[in-house]
């Protein structure tokens, strides 16, 4: 994904209904919150001496930042100002186990999926009258991304489940998760 300041994309002022702008700004907030939460999870994992898991989670945090910027860029390249709201403190900030971190991450991804669908329900009706805005493509990109996110975290949760039943060490699980490649 390219950032506007790197790609030197040009702003083309377009009228976007205020409800669309507000829905996208709300989702920007949730993407930045996700980044914040995943940085908290990464810090917990790093502090727990699980560098592979921490590496994966910090990469996930960077992806969430990219998601937020994709939305910011979508608005600003259409000449819209972006209002960034306060970010909530991530809760929890400490977990009972590394497995609990990833289970919480999966729950969070499911929440984000519902938020993306909610954003889509709010802004897709405007696509009919404003196809030049590319609303449908934007929403579909995020829906596709969420399918990958949930699948990826779900596989990691399964690694823990399988690891417990086969008595794998946490160190082995950490190495395996650290070697997982992000697809975005």
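General remarks:
- Residue in the stretch 76-84 that is part of a helix (DSSP H, G or I) and more than 14 Å from the chain's Cα centre (by Cα) present: yes
- Qualifying residue in the stretch 12-22 (condition: under 30 Å from residue 171 (Cα atoms), modelled with pLDDT under 95, surrounded by fewer than 19 Cβ atoms within 10 Å (Cβ to Cβ) and touching a helix residue (DSSP H, G or I) at 6+ places or on another chain (Cβ under 7 Å)): no
- Test: residue in the stretch 2-9 that is out of contact with any strand residue (DSSP E or B) (no Cβ under 8 Å at 6 or more places or on another chain) and either buried (at least 20 other Cβ atoms within 10 Å of the Cβ) or within 19 Å of residue 153 (Cα to Cα) (or both): no
- Only one of the numbered conditions (1) over 21 Å from residue 151 (Cα atoms); (2) buried (at least 19 other Cβ atoms within 10 Å of the Cβ) is violated by residue 68, and that is (1).
- Test: residue in the stretch 34-52 that is within 16 Å of the chain's Cα centre (by Cα), in a helix (DSSP H, G or I) and closer than 19 Å to residue 117 by Cα: yes
- Residue 91 vs. criteria without any contact (Cβ under 8 Å) to a residue 24 or more places away in the chain and either surrounded by 18 or more Cβ atoms within 10 Å (Cβ to Cβ) or within 30 Å of residue 178 (Cβ to Cβ) (or both): yes
The values are calculated or read from the model by the stated rules, or taken from the named source; none is laboratory data. This is a predicted model, so every value here is computed, not measured. Here the Cβ is made from the backbone with ideal geometry for all residues, glycine too, and neighbour counts use every protein chain on show.
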